[in-house]
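All remarks here apply to the structure that follows.
The values are calculated or read from the model by the stated rules, or taken from the named source; none is laboratory data. Owing to the predicted nature of the structure, the values given are computational and were not obtained by experimental measurement. Cβ placement follows ideal geometry from the backbone for every residue including glycine, while neighbour counts extend to all protein chains displayed.
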Amino acid sequence: MSPVVTWEDAGAGGAAGVLVATIDRRPANALGPPIIDGLNALLDEVERRDTRVVVLTSAIPGFFAAGADIKHMGAVDAQSFTAYGDLLRGAVERLASADAVSIAAVEGVALGGGLELAMACTMRVSGADAKYGLPEVKLGLIPGAAGTQRLPRLVGRGRAIDIMATARQVPADEAKAIGLVDRLVEAGGARDAALELAGQLSGLSRPALAAVLRTVDAAFDFSFEEGKRYEVAQIQELFEHGEAREGIAAFLEKRAPKFG
């Protein structure tokens with residue numbers, strides 16, 4: 001059986017340290033065990049290569065990922081349901097906490113677990129035809145891979161409840177307007193736009209970029225005063241042990257910085 005998650009370097013002329021991963025599980029990229037295993041294998045490769053940026057795409061027209069594997073859930077008992085959920089949550093959280101920046105290039109629908117997977121990425125680039133939703137209430141469930149936690153952080157409490165309680169699909173232009181996606185491009189252009197963004201990010205100072213992500217996340221987890229103290233600690237660490245000295249020297253010498 002062919003793997004359902006494959007990856008390759010950005011290619012000739014592409015940015016160094018950028019890995020492009022493609023999900024291909026017909027007909028709709030349901031997030032069953034094959035994809036979960038594939039995501040974990042991908043993340044093993046990301047760690048092995050010390051990848052800077054990973055772009056996550058789909059090979060199936062009309063689908064980024066349609067959600068959890070409902071057929072699988074319908075065939076298991078409570079204990080197996082828990083085990084399946086733990087496996088899915090583990091892969092999603094592993095993506096969210098990876099050292100590499102991750103970019104979801106979304107065309108078509110990203111629903112349920114598919115949207116949770118996209119929200120676990122650092123950024124989301126959306127084609128104009130994409131649609132987003134967490135429709136688990138239709139099954140008598142709620143999102144189970146941190147969707148109830150990440151969506152409010154992105155769009156606010158009221159919008160998150162509206163999206164989850166109505167089970168509606170949010171069109172791409174609305175998703176951009178409310179902060180669910182970061183960049184909106186013409187239909188079919190998400191992958192190329194994500195690769196362009198990945199190239200920009202891969203050339204930055206890795207310690208500084210990682211500190212940006214940590215301090216922004218801290219804004220949601222810490223008090224304002226705690227967040228400010230954390231910010232000070234991060235910038236001091238970058239100056240003493242990061243690549244700040246190289247960046248400052250390059251600026252003064254009017255040259256491109258040589259970041260590691």
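Regarding residue 142, is this residue of a type in the set (Val, Ile, Thr) and part of a helix (DSSP H, G or I)?
Taking the combined requirement at face value, the residue does not satisfy it.
If only residues of segment 198-223 that are in contact with a strand residue (DSSP E or B) (Cβ under 6 Å, 6 or more places away or on another chain) and among the aliphatic types (A, V, I, L, M) are counted, the one that is nearest to residue 125 (Cα to Cα) is 198.
Please verify whether residue 76 is free of Cβ contacts under 8 Å to residues at least 40 places away in the same chain and of a type outside the set (Phe, Trp, Tyr), treating the condition exactly as stated. Answer is yes for this residue. Just one of the listed residues (259, 224) is farther than 20 Å from residue 51 by Cβ and of a type in the set (Phe, Trp, Tyr), namely 224.
Taken together, 172, 118 contain a single residue that is under 22 Å from residue 30 (Cα atoms) and more than 14 Å from the chain's Cα centre (by Cα), which is 172. Counting only helices (runs of 4 or more DSSP H) that sit wholly inside segment 150-260, those with at least 2 residues that are of a type in the set (Asp, Glu) and within 30 Å of residue 108 (Cα to Cα) are 172-178, 190-202. For segment 101-134, enumerate the residues that are assigned to a helix (DSSP H, G or I) and more than 26 Å from residue 215 (Cβ to Cβ). Scanning segment 101-134 gives 113, 114.
Check whether at least one residue in segment 6-18 is in contact (Cβ under 8 Å) with a residue 24 or more places away in the chain, buried (at least 22 other Cβ atoms within 10 Å of the Cβ), hydrophobic (A, V, I, L, M, F, W, C) and closer than 21 Å to residue 202 by Cβ, and report yes or no. Yes. Any idea which residue in segment 191-232 is surrounded by the fewest Cβ atoms within 10 Å (Cβ to Cβ), counting only those that are closer than 25 Å to residue 156 by Cα and in contact with a Ser or Thr (Cβ under 7 Å, 6 or more places away or on another chain)? So the residue we want is 213. The sole residue among 74, 90 that is over 20 Å from residue 190 (Cβ atoms), surrounded by fewer than 23 Cβ atoms within 10 Å (Cβ to Cβ), at pLDDT below 95 and of a type outside the set (Asp, Glu) is 74.
Counting residues in segment 166-182 that are over 30 Å from residue 71 (Cα atoms) and hydroxyl-bearing (Ser, Thr, Tyr) gives zero.
If the condition is being under 24 Å from the mean Cα position of the chain (by Cα) and under 19 Å from residue 200 (Cβ atoms), then segment 215-259 contributes only 216.
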